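Peer 1: Take a look at the following structure, please.
The values are calculated or read from the model by the stated rules, or taken from the named source; none is laboratory data. Small disclaimer: the values here were computed from a predicted structure and weren't measured. Neighbour counts run over all protein chains shown; Cβ positions are idealised from the backbone, glycine included.
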Amino acid sequence: MTDYSELLFKIKSLCFQTENKISILANVSAVLFEMEDVSWAGFYMLEGDKLLLGPFQGRVACIEIEIGSGVCGSSFKEQKTLIVPDVHAFDGHIACDSRSNSEIVVPIMKDGSPIGVIDIDSTSFDRFSEVEKDFLENVSILIADKF
Ligand code: SME
């Protein structure tokens, strides 16, 4: 079982170590990749009118996502966490890694507007629940504070 309070503690500590956004996202993605049964963990951040691939751990991923496209673009547009138990059943899912079977995407909100998303994939179906939602929404708040 993943100890989410321990991971959150690590992320809080990392956020104190630098003001550099890329360094923070890079190290946070490494901590998120410690989550059990996770195949990809990282960030897509708003750049112009699209989401651009940020620091991540896992296999090579698509670089740009349109707002409203895929799970990431939908979460960003709707400004809410999306838990997808079976990505193959999600209309418009963007398959960066064909091994992925479930996904959770959490928006990063700054001053009431989304600035990016946290994206986590798993090769297991139905991997993510309210537990991961709570954890990642707390991570999102910590990150937003650094932007
Ligand atoms: N599956 C995502 C695309 C990003 S990859 O999972 C890393 C989506 O549908 O938005």
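Peer 1: Can you tell me how many residues within the range 67-96 are surrounded by 13 or more Cβ atoms within 10 Å (Cβ to Cβ) and near the ligand (Cβ under 10 Å from one of its atoms)?
Peer 2: Count: 15.
Peer 1: Could you give me the residue pairs with C-beta distances under 7 Å whose first residue belongs to the range 36-61 and is part of a strand (DSSP E or B), whose second residue is surrounded by fewer than 20 Cβ atoms within 10 Å (Cβ to Cβ) and among the basic types (Lys, Arg) wherever it lies, and which are 6+ apart or on separate chains?
Peer 2: 40/59
Peer 1: Could you list, in sequence order, all residues of the range 86-136 that are touching a Cys at 6+ places or on another chain (Cβ under 7 Å) and at pLDDT below 95?
Peer 2: Of all residues in the range 86-136, those touching a Cys at 6+ places or on another chain (Cβ under 7 Å) come to 94, 96, 105, 117, 119.
94, 96, listed by residue number.
Peer 1: With the requirement that a residue be touching a residue at least 40 places away in the same chain (Cβ under 8 Å), more than 10 Å from the chain's Cα centre (by Cα) and under 15 Å from residue 52 (Cβ atoms), what does the range 74-122 give you?
Peer 2: Result: 76, 96, 114, 115.
Peer 1: For the range 14-46, name all the residues that are under 13 Å from residue 146 (Cβ atoms) and hydroxyl-bearing (Ser, Thr, Tyr).
Peer 2: To start, the set of residues in the range 14-46 that are under 13 Å from residue 146 (Cβ atoms) comprises 14-28, 43, 45.
Passing the criteria: 18, 23.
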